[in-house]
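Single-structure report; data block below.
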Amino acid sequence: MTVPLLETQDLSVRFGGHVAVDAVTCAFRAGELTAIVGPNGAGKTTYFNLISGQIPASAGRVLLDGRDITRTPVAARCRLGLGRAFQLTNLFPDLTVLENVRLVIQAHRGRGFSIFSLADAQREVTEAAEAVIDRVRLTPLISQKVSELSHGNQRKLEVALLIALDPRVYMFDEPTAGMSVDEAPVVLDLIAELKAESDRTILLVEHKMDVIRTLADRIIVLHNGKLAADGKPAEVMASDVVQEAYMGKELEDV
């Protein structure tokens, strides 16, 4: 059997006497989109934070392509191919859409703008940034400052920054949160496009069950920090214990 692209082994974190994530073991393979669901306070975002390195683990391990990255800093995890889009936008508000994306591409390629840089290299970075911006349907706003964008367009730009990193693992934490009915489909279409690139792994924290049903190959359920269910969407959604104890009315509506 091939080595999972991403894996957690007995991953745990404690805050004082509270165990927020409790010995979660999961393997995520290339070409698979896994939805991570559960009630508020279940540990979903904390689990994401452990994987991406925002908080240190109290116990257990995080493996990327078989390599132990449990103590690896956030920036180094990013260079290794772990990409994270945050529930709250994490952008440079005083820079334009183009400048935001261009900075990410420069950093990813190990380049910076200077008087000694070749014009062709700078043009290549700009063209790559423009292509990403077009992909997220923000070309008409390419010269606009981020602070002037609507919340929905800021979320689209956040996805653009993640795409610009070209990671092997995409991590989305409620990517459509706060977006209008008209804006959300653009982000969901982008995630579906990324899923079609079968060499990538996608993790998605999401509350909207219709989104999960449409996109997910697999669902894992967290409750009180523990792994409560793991399987195909139809199997997990049909489980009585999951419907009653973890999803509640939200899943019953589906």
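For M171, the residues whose modelled amide H falls within less than 5 Å of its own, excluding neighbours fewer than 5 places apart on the same chain, are G83, R84, A85, L203.
Output the pairs from K44/K145; K156/K232; K156/K208; K145/K208; K44/K232; K208/K232 with a Cα-Cα distance over 21 Å in this structure; if there are none, say none. Display every interim value, and only then the final one.
On the way: K44/K145 32 Å; K156/K232 28 Å; K156/K208 18 Å; K145/K208 30 Å; K44/K232 18 Å; K208/K232 17 Å.
Beyond 21 Å: K44/K145; K156/K232; K145/K208.
Amide hydrogen proximity for L6: with H placed 1.01 Å from N in the peptide plane, the residues at 5 or more positions away or on another chain lying under 5 Å are F28, D65. 3J(HN,Hα) along the range 188-196: 5, 5, 5, 5, 5, 5, 5, 4, 5 Hz, from the Karplus curve 6.51 cos²θ - 1.76 cosθ + 1.60 with θ = phi - 60°, whole Hz, x for Gly and Pro.
How many percent of DSSP beta bridges within the chain run antiparallel, rounded to 5? Percent antiparallel among DSSP bridges in the chain is about 55. Close amide-amide hydrogen proximity is noted between K226 and D22, each under 5 Å apart and 5 or more residues distant or on a separate chain (H modeled in the peptide plane; Pro and chain starts excluded).
Counting neighbouring Cβ atoms within 10 Å and putting the fewest first, the residues F48, F15, F172 line up as F15, F48, F172. When L190, L204 are sorted by how many other C-beta atoms sit within 10 angstrom of their C-beta, beginning with the fewest, the order is L190, L204. Peptide packing for 137-150, 225-238 was compared via the average number of neighbouring C-beta atoms within 10 Å per residue; ordered from the highest value, the list is 225-238, 137-150. With N counted as the residues of the range 91-166, its alpha-carbon radius of gyration over 2.2 N^0.38 Å works out to 1.04. Panel order for R218, R155, by other beta carbons found within 10 Å of each beta carbon, from fewest to most: R218, R155. Karplus-based coupling profile of the range 155-167, in residue order and whole Hz: 5, 4, 5, 4, 5, 4, 5, 5, 4, 4, 6, 6, x, with θ = phi - 60° in 6.51 cos²θ - 1.76 cosθ + 1.60 and x standing for Gly or Pro. Using θ = phi - 60° in the Karplus curve 6.51 cos²θ - 1.76 cosθ + 1.60, the 3J(HN,Hα) couplings for the range 23-38 round to 6, 7, 10, 8, 10, 10, 9, 4, x, 10, 10, 10, 8, 10, 10, x Hz; x is entered for Gly and Pro.
Coordinate-derived values only; no laboratory data. Note that the structure is predicted; figures quoted are calculated from it, not measured. With ideal geometry, Cβ positions are generated from the backbone for all residues, glycine too; neighbour counts draw on all protein chains shown.
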